[in-house]
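Asks: My questions will all concern the structure given below.
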Amino acid sequence: MSTSAARLPAKILTPVHIRWMIRRDMPEVLTIESQAFEFPWSEDDFVRCLRQRNCIGMVAEHNERVVGFMIYELHKNRLHILNFAVHEQMRRRGIGGQMIRKLVSKLSPQRRSRIMLEVRETNLSAQLFFRDVGFRAISLLRDFYEDTTEDAYLMQFRYVPGVAPMEEERPRRMAG
């Protein structure tokens, strides 16, 4: 954590319960998805992804409401985030950071030691959020998306024993 970040006042932290995504979560997940992204996944996209053996969906729940979700793939030596969003009215409350900490807790030096994801070049809020929780851009992927000619940044979080992702002092809007 940087010294300047340590001096910032803590934002409101909304505690969430992070659990496996189930079928009845889909209406709330689709609402969050459509609010968050210009080119949202359809229900079929979610179902197709989650039917794959190495694909996992999790939701963040607060007061029995789904307030965020993440979809990721398990690979031999890494996790790959495919989709990640927080409800627009619940952003900047530490929910995204809690979801990232959940993923980081699955890392180890012996097996999966990093988390990878792609972020649109125009999605500055996501770039800043992931940077603030310990991710670094490692390459530029030209013309990455099927829906536009937009480039993406490939970002990576590397597991370092004893180092947790940055505390939730500067949560930022993920999707947008």
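The values are calculated or read from the model by the stated rules, or taken from the named source; none is laboratory data. All values reported here derive from a predicted model rather than from experimental measurement. Here the Cβ is made from the backbone with ideal geometry for all residues, glycine too, and neighbour counts use every protein chain on show.
Asks: Kindly indicate the residue of the stretch 123-176 that is of a type in the set (Val, Ile, Thr) and at pLDDT below 95 and also nearest to ILE95 (Cα to Cα) among those meeting that condition.
Replies: Taking the candidates together, the pick is VAL133.
Asks: Still on this structure: Among (1) exposed (fewer than 11 other Cβ atoms within 10 Å of the Cβ); (2) at pLDDT 95 or above, there is one condition ARG19 misses while meeting the rest; what is its number?
Replies: Exception for ARG19: condition (1).
Asks: Here is a follow-up. For PHE37, which of the numbered conditions (1) of a type in the set (Phe, Trp, Tyr); (2) within 25 Å of TYR145 (Cβ to Cβ); (3) at pLDDT 95 or above fails to hold?
Replies: (3)
Asks: Have a look at TYR159, TYR145 and point out the one that is over 20 Å from GLN35 (Cα atoms), of a type in the set (Ser, Thr, Tyr), in contact (Cβ under 8 Å) with a residue 40 or more places away in the chain and surrounded by 14 or more Cβ atoms within 10 Å (Cβ to Cβ).
Replies: Of the residues listed, the single one that is over 20 Å from GLN35 (Cα atoms), of a type in the set (Ser, Thr, Tyr), in contact (Cβ under 8 Å) with a residue 40 or more places away in the chain and surrounded by 14 or more Cβ atoms within 10 Å (Cβ to Cβ) is TYR159.
Asks: Do we find a residue being more than 23 Å from ALA152 (Cβ to Cβ), buried (at least 22 other Cβ atoms within 10 Å of the Cβ) and not basic (Lys, Arg) anywhere in the stretch 49-62?
Replies: The answer is yes, given that some residue of the stretch 49-62 is more than 23 Å from ALA152 (Cβ to Cβ), buried (at least 22 other Cβ atoms within 10 Å of the Cβ) and not basic (Lys, Arg).
Asks: Looking at the stretch 107-120 only, could you name the residues that are of a type in the set (D, E, K, R) and either surrounded by 17 or more Cβ atoms within 10 Å (Cβ to Cβ) or within 15 Å of the chain's Cα centre (by Cα) (or both)?
Replies: ARG112, ARG114, GLU118, ARG120
Asks: Okay, moving on. Of the numbered conditions (1) surrounded by 13 or more Cβ atoms within 10 Å (Cβ to Cβ); (2) touching a residue at least 40 places away in the same chain (Cβ under 8 Å), ARG78 satisfies every one except a single condition; which is it?
Replies: Of everything listed in (1) surrounded by 13 or more Cβ atoms within 10 Å (Cβ to Cβ); (2) touching a residue at least 40 places away in the same chain (Cβ under 8 Å), ARG78 misses just condition (2).
This table checks each residue for (1) assigned to a helix (DSSP H, G or I); (2) free of Cβ contacts under 8 Å to residues at least 24 places away in the same chain; (3) out of contact with any Asp or Glu (no Cβ under 9 Å at 6 or more places or on another chain).
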site: GLU28; (1), (2), (3): yes, no, yes
site: ILE32; (1), (2), (3): yes, no, no
site: GLN52; (1), (2), (3): no, yes, no
site: GLY68; (1), (2), (3): no, no, no
site: ALA85; (1), (2), (3): no, no, no
site: ARG93; (1), (2), (3): no, no, no
site: SER108; (1), (2), (3): no, no, yes
site: ARG111; (1), (2), (3): no, no, yes
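Asks: Out of the residues in the stretch 60-92 that are within 16 Å of SER34 (Cβ to Cβ) and hydrophobic (A, V, I, L, M, F, W, C), which is nearest to the chain's Cα centre (by Cα)?
Replies: PHE84
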